[in-house]
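For reference, the structure discussed in these notes is given below.
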Amino acid sequence: MEAPLKPTDTNDPEYFHKVVDCQYACPAHTPVPEYIRLIAHKRYTDAYMVNWESNVFPGVLGRTCDRPCEPACRRGRVEEEPVAICRLKRVAADFKGDVKGLMPKAGPKNGKKIALIGGGPASLTVARDLAPLGYELHLFDAQVKGGGFMRSEIPSFRLPEEVLDEEVGYVLDMGIDAHFDTYIDSMAALLEKNYDAVFVGCGAPRGRDLPNLPGRKEAEANIHIGLDWLANVAFDHTQKIGKKVIVLGGGNTAMDCCRTSRRLGGEEVKVIVRSPFEDMKASPWEKEDAIHEGIPIIDNHVPKEFVLKKGKLVGMSFEKVEAVYDKDGGRKLVATGEEPVFVECDDVLIAIGQENAFPWIEKSTGIRFTSWGTPIINDDETFQSTRKEVFFGGDAAFGPSNIITAVAHGHKAAVSIDLFCQGKDLSVRPAPHVTLVSQKMGIHEWSYDSIPVDDKREAVPLVDLKEALQSKTLEVELGFDADMAFVQAERCLNCDAQTVFTEGDCIECDACTDICPTSCISFIENGDEDDLRARIIVPAENPEQDLYVSDTLPTGKVMVKDEDVCLHCGLCAERCPTAAWDMQKFYYSVAKAAPVLLTEAAE
């Protein structure tokens, strides 16, 4: 048997951080339970600012985030549906007051000058973090407004322009010297302007094509790259599309293409994808929205040819396949041997992925790239390239991802740029801001709602479908009203209210064990991790979440709690006659280049 487990080090800020599953899963580590409680108290402005401190774009992300927090939500272990974390974020944005006076200002100039390439979420986050420190920030973007791919890729019916303008404006108003409608075509020329550092956050701007598919060149007039087409629609260069449309691809861009096509005149729009429906990269709710709008998704069809008649595109032919998986989960698409399938169309939108493109970065700069076209970066903490003063972030760093990941990259890159400009070691990172405070208001009363409610998750109300399909700018989702928001916020289990155990106060009466609704507390002899996981009252089957193990008690036993199934209900602390258990709110804020711009919201 391996050595017994050592007592859990609850002073390690990452221990309780990991227990707050939603926050831990968020790339920007937004304090989710904190802002949801504030929403329940109708403190919408405070909830917005807690969000803004971490993710910079609460109104945008409340509508468009890929929601990595929700699959991690502890509510999903109690019932089928997680808390509506993403859409509650939108509630904070929709109901907030005037926050302009709460935004930080540019600090006194420190003599350092930074260039930001690209006006998307990564560059804007770097700007937001460095401006209060007095950096002179020059932002360059080829578009006429800021926002990057948030503006050009996400349709207005999902993300209204005024929401994006507002949140981009909060950053630009911090003294950023923005140069829009300006394409940087030479990194070498930019470096000659003596910037102290350069951040590249220009995204992954090139959509993948099918250049070798028969008929591609001949039918070029009616075949469009999805990314470019969405941008042309966003900037009103494209106003219509054919009645019969095929969208190739299974990601979120494909879902945006097909839904936009319906609004621009597409009457028969079909999404056709190589993979099985379950393996599509698009978020489940994105697929649901497309199907809701009458768009069929045809899976297991591999494109074979663009079919032309008298020089005009009339359709595509596809080979039917089925997915075969090996023992390791690897997938292979195998032809079924059936006859090719012909699908009529007037136009085709290719949305099969995107890739990095850096034709403007010369080899002479010393910036090196992988065979995949992504920059060679020291690591995913520093984001420093092979040229020491040049940093990358967002899709430009590691390839296509999402907005919240780009924000997280921006925070880390800003720390690196600040350290670099001070001549400090980039590997020595500042610690996160952490607090752990008792929530006791009385013997049996806590400063938060501790008892889990039974309310179910409700879908966000939508506008009438017929009305929605008549406009490319009418926002489809109406959002929660205040009453719905309260009910949905109350579903949160307050996972940041931690159960903290003090061995010296425990008399081993087992009162906590008796009252625990999930039987997650045990008092047993110590052992190695596998042994403890098997011997506690209910075996701990999720190795991704830790066991909370105390120091040795007078009887020689240890307290072992399975953090995975604890509901943070506080019953153990209420029942304990010696206060060995306490409920303590854990607040975790990722270290940023600027000092903490906001203090923790008071309950």
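The values are calculated or read from the model by the stated rules, or taken from the named source; none is laboratory data. This structure is a prediction, so every number in the text was calculated from the model and none was measured. As a convention, Cβ positions derive from the backbone with ideal geometry for all residues, glycine included, and neighbour counts pool all protein chains shown. Surface areas here come from the heavy atoms of the whole protein model, side chains and all, with no ligands, DNA or RNA. Shrake-Rupley method; radii C 1.70, N 1.55, O 1.52, S 1.80 Å.
Quick check on the stretch 108-226: take the gyration tensor over C-alpha atoms, sort the square-rooted eigenvalues as a ≥ b ≥ c, and tell me if it's rounded (a/c under 1.5), prolate or oblate.
Here the stretch 108-226 falls in the oblate category.
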Hey, could you pull the Cα Rg and Dmax for the chain, both in Å? 26.5, 90
Nitroxide proxy distance, nm - points 7 Å out along Cα→Cβ at residue 456 and residue 11: 4.8 nm
Classify the stretch 352-485 as rounded, prolate or oblate, taking a ≥ b ≥ c as the square roots of the eigenvalues of its Cα gyration tensor: rounded when a/c is under 1.5, otherwise prolate if a/b is larger than b/c and oblate if not. oblate
Could you please state, rounded to a whole Å, how far the C-alpha centre of the stretch 524-568 is from the C-alpha centre of the stretch 280-322? 50 Å
So which of 217/309; 100/472; 281/304; 281/466 end up more than 25 Å apart, counting from Cα to Cα? 100/472; 281/466
Just to be sure I understand: of the beta bridges DSSP finds with both ends in the stretch 218-321, what percent are antiparallel, rounded to 5? 55 percent
Quick one: helix 44-55 against the long Cα principal axis of the chain, what's the angle to the nearest 10°, folded into 0 to 90? 70 degrees
Whole-percent carbon and sulfur contribution to the accessible surface of the stretch 60-111 (1.4 Å, no ligands, DNA or RNA) stands at 53 percent
Calculate, for the stretch 120-194, the solvent-accessible area per residue in square angstrom, rolling a 1.4 angstrom probe over the heavy atoms of the protein chains. 34 Å²
The stretch 374-459, accessible area per residue, ligands and nucleic acids excluded (1.4 Å, Å²): 48 Å²
Can you return the lysines within cross-link range of residue 6? Criterion is Cα-Cα under 27 Å, with same-chain partners fewer than 8 residues away left out. 18, 557, 561, 585
Taking the 0 to 90 degree range and rounding to the nearest ten, how far is the long axis of helix 121-130 tilted relative to the main principal axis of the chain, both from C-alpha atoms? 50 degrees
With a point put 7 Å past each Cα toward its Cβ, work out how far residue 320 is from residue 341 in nm, to one decimal. 0.7 nm
So for the chain: antiparallel DSSP bridges make up what percent, rounded to the nearest 5? 60 percent
Acute angle (nearest 10 degrees) that the helix 252-263 long axis makes with the longest principal axis of the chain, alpha-carbon atoms: 60 degrees
Run the helix sum for the chain: -39,500 (n - 2.57) per DSSP H stretch of 4+ residues, divided by residue count, reported at 222 nm to the nearest 500 deg cm²/dmol. -7500 deg cm²/dmol
Once you keep just the Cα pairs under 8 angstrom separated by 6 or more residues, what percentage relative contact order results for the chain? 18 percent
The pairs in 89/113; 112/145; 240/320 lying past 28 Å Cα-Cα in this model are 89/113; 240/320
Using amide H atoms built 1.01 Å from N in the peptide plane, name the residues 5+ places from residue 116, or on other chains, whose amide H lies under 5 Å from its own. 138, 139, 140, 199
The stretch 388-430 - percent of accessible surface contributed by carbon and sulfur, probe 1.4 Å: 54 percent
For the stretch 460-561, with every protein chain kept in place, what is the accessible area per residue (1.4 Å probe, Å²)? 45 Å²
Place a point 7 Å from Cα of residue 288 in the direction of its Cβ. Which residues in the stretch 448-477 have their backbone N less than 20 Å from it? 454-466, 468-469, 475-477
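Provide the packing ranking of 147-155, 196-204, i.e. peptides ordered by the mean count of other C-beta atoms within 10 Å per residue, highest first.
196-204, 147-155
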Listed peptides 72-82, 427-437 by packing density, highest first (mean Cβ within 10 Å): 72-82, 427-437
Whole-percent carbon and sulfur share, accessible surface of the stretch 202-324, 1.4 Å: 48 percent
Rounded to the nearest 0.05, what FRET efficiency do residue 425 and residue 538 have when you use their Cβ-Cβ distance and R0 = 56 Å? 0.75
